[in-house]
Amino acid sequence: MTDQSTTELIHHPAVARELSRAEHVQVRIADLITRFAGSMGFVYAHIAIFALWMIVFEKSPWPTLTLIVSLEAIFLSTFVMIGQNRQAEFQQVKADHDFVAQEQELHVNTDLTRVIEQLVREIHAKVRAETDGAPQPTSPST
């Protein structure tokens with residue numbers, strides 16, 4: 001059993017950056033609005049509000065409702081773009097980190113391959129030297 005106080009969850013640097021960024025109030029508000037706007041509750045609420053508005057409040061060809069819906073579309077598209085920008089930034093930070101990590105791993109693997117090659121050459125040289133200095137088997141005479 002491990003003690004949770006000594007065991008820390010280690011995140012990818014991009015995730016850690018996103019978590020620290022998510023602490024900002026504006027980002028949390030944008031996330032909440034985007035989360036709600038992408039739900040069926042949002043759709044049902046709009047069906048009810050629009051039906052009520054068209055039946056009860058508007059008698060003309062609904063100019064006020066059209067204005068409200070247009071403004072809402074502008075704001076919702078802005079929240080979607082905020083989310084897309086955050087996702088793109090997250091992906092870029094993650095890709096940059098992963099590239100650096102892979103490059104470091106490639107260099108380590110290249111160094112290990114060179115060391116292994118050198119060891120194999122030394123082993124072959126030693127074996128060759130031992131076989132060259134060993135007495136040759138004699139052929140039986142008839």
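What is the percent of Cα-Cα separations in the stretch 69-137 that go past 16 Å?
On the way: 1716 of 2346 pairs.
Value for the stretch 69-137 (Cα pairs over 16 Å): 73 percent.
Provide the FRET efficiency to the nearest 0.05 for the ARG28-ILE68 pair, computing r from the beta carbons and using R0 = 30 Å.
Efficiency at R0 = 30 Å is approximately 0.75.
Could you do me a favour and compute the accessible area per residue for the stretch 60-123, 1.4 Å probe, result in Å²?
80 Å²
Where the accessible area of the stretch 95-136 is counted over protein heavy atoms with a 1.4 Å probe, how much of it, in %, is carbon and sulfur?
Of the solvent-accessible surface of the stretch 95-136, carbon and sulfur hold 60 percent.
Take LEU65, LEU119 and sort them by solvent-accessible surface of the protein heavy atoms, 1.4 Å probe, largest at the top.
Solvent-accessible surface, decreasing: LEU119, LEU65.
The values are calculated or read from the model by the stated rules, or taken from the named source; none is laboratory data. Note that this is a predicted model, so its numbers are computed, not measured. With ideal geometry, Cβ positions are generated from the backbone for all residues, glycine too; neighbour counts draw on all protein chains shown. Surface accessibility is based on the protein's heavy atoms, side chains included, excluding ligands, DNA and RNA. Shrake-Rupley method; radii C 1.70, N 1.55, O 1.52, S 1.80 Å.
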